[in-house]
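The values are calculated or read from the model by the stated rules, or taken from the named source; none is laboratory data. Predicted model only: the values in this text are computed from it and were never measured. So basically every Cβ, Gly included, is an ideal-geometry build from the backbone, and we count neighbours across all protein chains shown.
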Amino acid sequence: MNENVMREVIDMINKRIPLKLTLLIFATICMVLIQYILVPGSVTLGQFMIVSRQASALGIIALGQAIVILVGGIDLSVGSIVMTTNLFCIASMRGSNDYLLYGLGLCFLIAVLVGFFNSVGILYLGIAPFVMTLCTMTILQGICYVYTQGAPTGSAAPMIRSLGTGYFCKIPYSTIIWVVLAFVSIIILKLTTLGRKIYAVGGNSRAAELSGINSKAIITFAYIFSAILSMIAGVILSGYLNISSLTVGGDYVNNSLAAVLIGGNAISGGKGGIIGVVFGAFLMTYLLAILTMLGIGEVGKLIVQGIVIFTVVALQGIRQKS
């Protein structure tokens, strides 16, 4: 009798909480325990809020990356969009709230154009998503170096600084923005026709076309959406750092891909969701925070990131073959 009850409970949990999400939660708990053992006294609510603030930019970028991967693509330009936003946000606002709307509008326009440029190259010029977004990444980096002459200057407007460093009821503004955008993304995917079309295009674009779905419009939306979210992350980082930098977006390509894949999204497209991506972004940031506490250098962190991505993709491949 007890065994039957236990089986019913396990079945109910599996139906309500996907196995991949359960594993992510379990992994997070394990990391908390590891931190508690290795760095006594460091596990506090305040520390979790700091990690969530650090994870917010990556989490926001990963949301956009997830949508792109769901339609069967990949976006390597997210880090360069963050860097471009950081430079133009600070330069256009001139450290004053008087130019806030102008600066945000300029950054938004740049993001839309970049996302549209990516989609045009992929859909109408037949360039593979990996190659197209790699080209965009390189072009944006070149523009930033030419624009700044290799020496960016300036500081963020006060409202942007507040956005990047401020708190509401002890919760970072950036974390709140991340959670709100995650809910919006979940609603789009689960409760709208657009969401169903995104899954259909990622699963089989040819079949989606035969069903009357405009796959080109869906893919264009995905790349523009990804670029806009990267822009938002760039604005938040600009406020957090309060300076412009040519290295601000360097790690976000690898980390966003890792977060999306850890979150259970198939690299081939058409399978996955958003909740796992949120946990994946937090887990990646938390992992890097622990490695920093332990004095692990950048080389070690890169090795860990590579191992994580390889392991997840390999397990997905094994599961598909089985």
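A quick yes/no check of all residues on (1) within 28 Å of residue 187 (Cβ to Cβ); (2) part of a loop (DSSP other than H, G, I, E, B):
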| residue | (1), (2) |
| --- | --- |
| 61 | yes, no |
| 67 | yes, no |
| 73 | yes, yes |
| 80 | no, no |
| 116 | yes, no |
| 119 | yes, no |
| 126 | no, yes |
| 130 | no, no |
| 134 | no, no |
Next item on the list: Kindly establish whether residue 246 is over 19 Å from the mean Cα position of the chain (by Cα) and either of a type outside the set (Ser, Thr, Tyr) or part of a helix (DSSP H, G or I) (or both).
Entry: yes
Next item on the list: Hey, could you check the range 41-54 for residues that are over 22 Å from the mean Cα position of the chain (by Cα) and either at pLDDT 80 or above or among the β-branched types (Val, Ile, Thr) (or both) and say which is surrounded by the most Cβ atoms within 10 Å (Cβ to Cβ)?
Entry: 43
Note to self: Any residue in the range 215-243 that is outside any helix (DSSP H, G or I) and modelled with pLDDT under 95 sitting within a Cβ distance under 9 Å of a residue that is polar (S, T, N, Q) and surrounded by 24 or more Cβ atoms within 10 Å (Cβ to Cβ)? List the pairs, counting only those 6 or more apart or interchain.
What the structure shows: 243/86
Notebook entry, point to check: Can you tell me which residues in the range 188-214 are assigned to a helix (DSSP H, G or I) and more than 27 Å from residue 79 (Cβ to Cβ)?
Noted result: 190, 191, 193, 196, 197, 200, 203, 206, 207, 208, 209, 210
Notebook entry, point to check: Can you name the residue in the range 98-119 that is over 21 Å from the mean Cα position of the chain (by Cα) and surrounded by 14 or more Cβ atoms within 10 Å (Cβ to Cβ) and is also farthest from residue 75 (Cα to Cα) among such residues?
Noted result: 99
Next item on the list: Considering every residue within the range 280-298, establish whether at least one is at pLDDT 80 or above, outside any helix (DSSP H, G or I), under 16 Å from the mean Cα position of the chain (by Cα) and closer than 27 Å to residue 204 by Cβ.
Entry: no
Next item on the list: For the range 136-185, name all the residues that are under 14 Å from residue 239 (Cα atoms), in a helix (DSSP H, G or I) and of a type outside the set (Gly, Ala, Ser).
Entry: 158, 159, 160, 161, 163, 165, 173, 175, 177
